[in-house]
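Data first, discussion second: the structure below is written as structure tokens.
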Amino acid sequence: MQELPDCLYEGNQPTLITPSSPTPNHSLYLSNLDDHHFLRFSIKYLYLFQKSPSSQTLKDSLSRVLVDYYPLAGRIKVSDVSAKLEVDCNGEGAVFAEAFMDITCQEFLEHSPKPNKSWRKLLFKVQAPSFLEIPPLVIQVTHLRCGGMILCTAINHCLCDGIGTSQFLHAWAHANNTNASLLVQPFHSRHMLDPRDPPRVTHSHPGFTRTTVEKTSTNFNICKYLQSQPLAPTTLTFTPSLILRLKKTCAPSLKCTTFEALAAHTWCSWARSLDLPLTMQVKLLFSVNMRKKLSPELPQGYYGNGFVLACAESKVQDLVSGNIYHAVKLVQDAKARITDGYVRSTIDLLEDKTVKTDVSCSLVISQWAKLGLEELEFGGGRPMYTGSLTSDIYCLFLPVAGNLDAIKVQVSLPEDVVKRLEYYMVRFLDGKDKEEDHSLA
């Protein structure tokens with residue numbers, strides 16, 4: 001894996017792209033699902049395109065789409081009244097940087113095939129005292145020697161979830177290709193997710209803990225252990241045929257989705273690779289879209305955080321047998337618990353600001369494979385590569401350009417742990433298949 005060359009910026013960079021016409025000036029309330037500390041980061045995408053539209057065209061279309069998505073041109077602030085986060089919809093604009101890198105699309109794919117520190121050059125670093133003071137939308141377009149481009153975007157997770165970011169990016173691409181109205185209008189209000197008065201926590205929520213509990217806890221903190229060491233990324237691609245074979249390893253036979261099988265398998269492999277005590281209780285947290293699980297459903301075009309984390313729990317000894325049946329059942333049961341009542345209970349629970357997501361002994365999986373990211377089209381064809389700009393201990397399921405039914409599993413772990421994870425992730429194949437199947441290399 002080679003270091004990428006430096007980006008060359010010309011002129012005054014970056015610029016602020018403001019909405020092309022006046023937009024509402026008000027404060028946008030953020031729900032409890034938007035406003036909790038687990039989401040205090042930006043969702044960072046990287047796209048590689050073989051052809052690059054002109055920068056001016058991209059800026060103009062962004063300016064137009066920000067009329068509809070005007071909160072993304074605003075700034076996050078803490079409410080004077082409730083100490084909650086809200087968006088000051090002031091139209092200050094999105095950050096847009098333009099650069100050149102002396103590399104071709106093919107060289108990028110060959111020499112830098114997965115996230116590494118040099119990828120950070122591809123997104124302009126905004127200098128700000130704190131994360132909340134960084135504009136919610138930061139974009140860099142990097143032109144390549146071959147005429148292609150790398151597009152990197154950072155979108156504040158407090159405003160949008162994965163579905164919401166994909167909805168916005170497709171709206172921008174639509175505006176770049178045509179002057180026609182948006183196919184889906186964004187729905188801004190978050191008040192459908194207001195807590196009840198008084199709050200009523202009616203369900204158990206094992207995916208959360210209280211900050212007051214952690215101080216007295218004697219359990220081994222896997223998250224802190226992993227983050228205390230240098231991390232190495234790994235990317236494993238599962239084709240439809242491999243996923244089918246993985247499902248067949250489940251005994252007794254169990255009808256399950258691709259996500260259920262792959263999430264269970266990844267969780268089991270993760271537990272084995274960390275060599276954890278057999279009696280230790282570990283968790284799998286994974287995002288579940290709850291837009292259609294509420295009554296009434298969230299409106300079409302809702303781009304705020306419309307997911308909750310489902311939680312499966314197990315002792316390590318029940319995950320390391322080599323059979324994913326037990327883990328698949330736990331994933332299915334965790335998904336089934338996500339109902340209207342569960343979501344309302346979660347929202348009410350988060351009124352308590354001592355509550356936080358329990359990542360201490362958890363693998364967290366975020367599902368990006370079905371967001372339509374690989375279909376983004378700015379006029380020069382679909383991306384040759386799409387994925388996350390960064391990689392960390394949270395696991396991503398990503399789409400594969402050119403193979404809509406394949407899934408790329410990406411996670412970063414200490415180097416010795418990564419090697420064990422890769423071994424256990426492919427162990428269900430025999431030696432001959434592992435040698436022949438380049439997708440798992």
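The values are calculated or read from the model by the stated rules, or taken from the named source; none is laboratory data. Treat the numbers as computed from the prediction; the structure is a model and nothing was measured. Neighbour counts run over all protein chains shown; Cβ positions are idealised from the backbone, glycine included. Calculation scope for accessible area: heavy atoms of the full protein, side chains included, ligands and nucleic acids excluded. Shrake-Rupley method; radii C 1.70, N 1.55, O 1.52, S 1.80 Å.
Determine the gain in length on full extension of the stretch Asn116-Ala83; use 0.36 nm per residue of separation and subtract their C-alpha separation, reporting nm with one decimal.
So the extension gain works out to 8.2 nm.
Here are some pairs, Lys77/Lys114; Lys247/Lys335; Lys315/Lys335; Lys44/Lys77; Lys283/Lys408; Lys315/Lys419; which of them have Cα atoms lying more than 27 Å apart in this structure?
Lys77/Lys114
Given the options Thr211, Thr258, Thr165, which has the most mean-square fluctuation in a GNM of the chain, springs set between C-alpha atoms less than 10 angstrom apart?
Evaluated over the chain, the most mobile residue of the options is Thr211.
So which residue, out of Phe259, Phe49, Phe124, gets the largest mean-square fluctuation from a GNM of the chain using Cα contacts under 10 Å as springs?
Phe259
Which whole-number percentage describes the relative contact order of segment 83-172, with Cα contacts under 8 Å and a sequence gap of 6 or more?
Once divided by the residue count of segment 83-172, the mean separation gives 32 percent.
If Met280, Met425, Met192 are ordered by their accessible area, calculated over protein heavy atoms with a 1.4 Å probe, which sequence runs from highest to lowest?
Listed by decreasing accessible area, they come as Met192, Met280, Met425.
How large is ³J(HN,Hα) for each residue in segment 264-275, as worked out from phi by the Karplus curve 6.51 cos²θ - 1.76 cosθ + 1.60 (θ = phi - 60°), to whole Hz, x for Gly and Pro?
Each residue of segment 264-275 in turn: 4, 5, 5, 4, 4, 5, 4, 4, 5, 5, 7, 6 Hz.
Can you compute the helix-only [θ] at 222 nm over the chain? Use -39500 (n - 2.57) per DSSP H run of at least 4 residues, normalise by all residues, nearest 500 deg cm²/dmol.
Calculated from helices alone, the mean residue ellipticity at 222 nm is -7500 deg cm²/dmol.
Given a Förster radius of 45 Å and the C-beta distance between Tyr225 and His26 as r, what FRET efficiency does 1/(1 + (r/R0)^6) yield to the nearest 0.05?
About 0.50, to the nearest 0.05.
So which lysines pass the test for Lys59, namely a Cα distance under 18 Å, with those fewer than 8 places away in the same chain ruled out?
Filter leaves Lys51.
From Cα pairs below 8 angstrom and at least 6 apart in sequence, can you work out the relative contact order of segment 119-164, rounded to a whole percent?
Result for segment 119-164 is 32 percent.
What does the accessible area per residue of the chain come to in Å², with a 1.4 Å probe and no ligands, DNA or RNA counted?
Each residue of the chain exposes 44 Å² on average to a 1.4 Å probe.
Compute the relative contact order of the chain as a whole-number percentage, counting only Cα pairs closer than 8 Å that sit 6 or more residues apart in sequence.
Relative contact order, the chain: 22 percent.
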